[in-house]
Every structure is written in structure tokens, then in C-alpha cells.
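J.: This is the structure I have questions about; it appears just below.
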Amino acid sequence: MKTVYDVLVVDDSESSRDLILNALNNDKFIKNSCRVDFKENYREAIQWLDENKNNFDILISDLYFYGNPKGFDICKVGREMNVNAHIILITSQAREDINPDILARSSIDSVCERSEENYLDNLIDNLHEFIRNKEKSIEEKTTFLQKIMDNKYMNSIKWIINKI
């Protein structure tokens, strides 16, 4: 099973990045299972995504950068670079105020609203759920492959016994 998940957090606000970093560091499970990288603007984020392509697991991006909704673009590029990544959009807007077509085109898995009192707890819960599901999926695939291998070896052993 994968033991370290690579996370990219993109936010142009230093105070927001600090809040997210503190929340991630205060959660022992996340701290022990995630390697987090922070970028503060669109250009840095796109460069990082290009350099890491399929080598990241989670992308967390702010919606607005200096007044422009570049977060959608970052999420869309992230999805193109890794179709299996979990993509979270953080916004000060209410979820219902975001155009659902744009959300769908950006391939965003979930939205965390800063206006929610416990949005950082929601973010942490979201990460926990993604990692648990990912590890469960890996475990199920490993078990399935082990069963196939066991059957293959058993069939070989039976064949050898029948030949003796």
C-alpha cells in the first residue's frame, strides 16, 4: 500500500496557506501519511503540476487568485495531469453561487467553503475519506491478485501431482 500521499496546496494568501498547513500538521494521520507542497500562484502551480504529472494524489486549490477565478484552471490542468487525483476547491463563495457547469468542466471532486465555521475540519475529513478509500481499493486489488496467483500456483501443483 502507498504510505505517503503527495499533496499540492495552491493559495495566494499567506494567512490561508498558514491555516491549512496548521490544520494538516495538527492531524497526526495526515501529517504521517501526506507530503505537502505549497504554491502561491497560478504559474508556480501549473509548473509544479507539469513537473509532477502522475506523481501527486491530492490537489487543493483556492478559487480566486488576485481577483481572477484561476482555481478552476488549476483544477482542470491537475485533472489532465492525473485523472486519479483527488481535487478540492476552496472558496469564499457559497457552493450554490458557483456555476455547476464550470465545476463539472474543472473535474472538481469536492468544494470546501471558507464561510463554513469548520471548513478546515471538513477539509481534513475529506482527505481522510479519500486516503481510506484509496487504501481500501489498493488492498482489495492486492487481495484479488493474490487469489489469482494462489489459484495459478494451485493449478500448477495439481497438474504436477497428476503427472507423477
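J.: Of these, 92, 156, 106, which one is at pLDDT below 80, buried (at least 16 other Cβ atoms within 10 Å of the Cβ) and of a type in the set (S, T, N, Q)?
T.: Selected residue: 106, the only one of 92, 156, 106 that is at pLDDT below 80, buried (at least 16 other Cβ atoms within 10 Å of the Cβ) and of a type in the set (S, T, N, Q).
J.: On to the next question. Conditions: (1) in a helix (DSSP H, G or I); (2) farther than 14 Å from residue 78 by Cβ. Residue 3 meets all but one. Number of the miss?
T.: Unmet condition: (1).
J.: Out of 62, 101, I need the residue that is at pLDDT 75 or above and surrounded by 21 or more Cβ atoms within 10 Å (Cβ to Cβ). Which one?
T.: Answer to the selection: 62.
J.: Within the stretch 104-128, track down each residue that is part of a helix (DSSP H, G or I) and out of contact with any strand residue (DSSP E or B) (no Cβ under 9 Å at 6 or more places or on another chain).
T.: Once the filter is applied, which keeps residues that are part of a helix (DSSP H, G or I) and out of contact with any strand residue (DSSP E or B) (no Cβ under 9 Å at 6 or more places or on another chain), the stretch 104-128 yields 104, 105, 121, 124, 125, 128.
J.: I'd like the full set of residues that are in contact with a His (Cβ under 9 Å, 6 or more places away or on another chain) and of a type outside the set (Asp, Glu), limited to the stretch 61-112.
T.: 110
J.: Please determine whether any residue of the stretch 20-41 is among the aromatic types (Phe, Trp, Tyr) and either under 21 Å from residue 98 (Cα atoms) or out of contact with any helix residue (DSSP H, G or I) (no Cβ under 9 Å at 6 or more places or on another chain) (or both).
T.: The answer is no, given that none of the residues of the stretch 20-41 is among the aromatic types (Phe, Trp, Tyr) and either under 21 Å from residue 98 (Cα atoms) or out of contact with any helix residue (DSSP H, G or I) (no Cβ under 9 Å at 6 or more places or on another chain) (or both).
J.: Continuing with the same structure: Which one is nearest to the chain's Cα centre (by Cα), of the residues in the stretch 13-41 that are in contact (Cβ under 8 Å) with a residue 40 or more places away in the chain and crowded, with 17+ Cβ neighbours inside 10 Å? Step through it out loud before you land on a result.
T.: Within the stretch 13-41, the first condition is being in contact (Cβ under 8 Å) with a residue 40 or more places away in the chain, and the residues that meet it are 13, 16, 19-20, 23-24, 27, 29-30, 33-34.
Retained after the next criterion (residues that are crowded, with 17+ Cβ neighbours inside 10 Å): 20, 24, 27, 30, 33-34.
Details: 20: 15, 24: 14, 27: 16, 30: 12, 33: 12, 34: 10 Å.
Filtering first and then ranking leaves 34.
J.: Before we move on, is residue 29 among the aromatic types (Phe, Trp, Tyr) and touching a strand residue (DSSP E or B) at 6+ places or on another chain (Cβ under 8 Å)?
T.: Details: among the aromatic types (Phe, Trp, Tyr): yes; touching a strand residue (DSSP E or B) at 6+ places or on another chain (Cβ under 8 Å): no.
Here the answer is no, as residue 29 does not meet what is asked.
The values are calculated or read from the model by the stated rules, or taken from the named source; none is laboratory data. Being a predicted model, the structure only gives us computed values, none of them experimental. Note: ideal-geometry Cβ built from the backbone for every residue, glycine included; neighbour counts use all protein chains shown.
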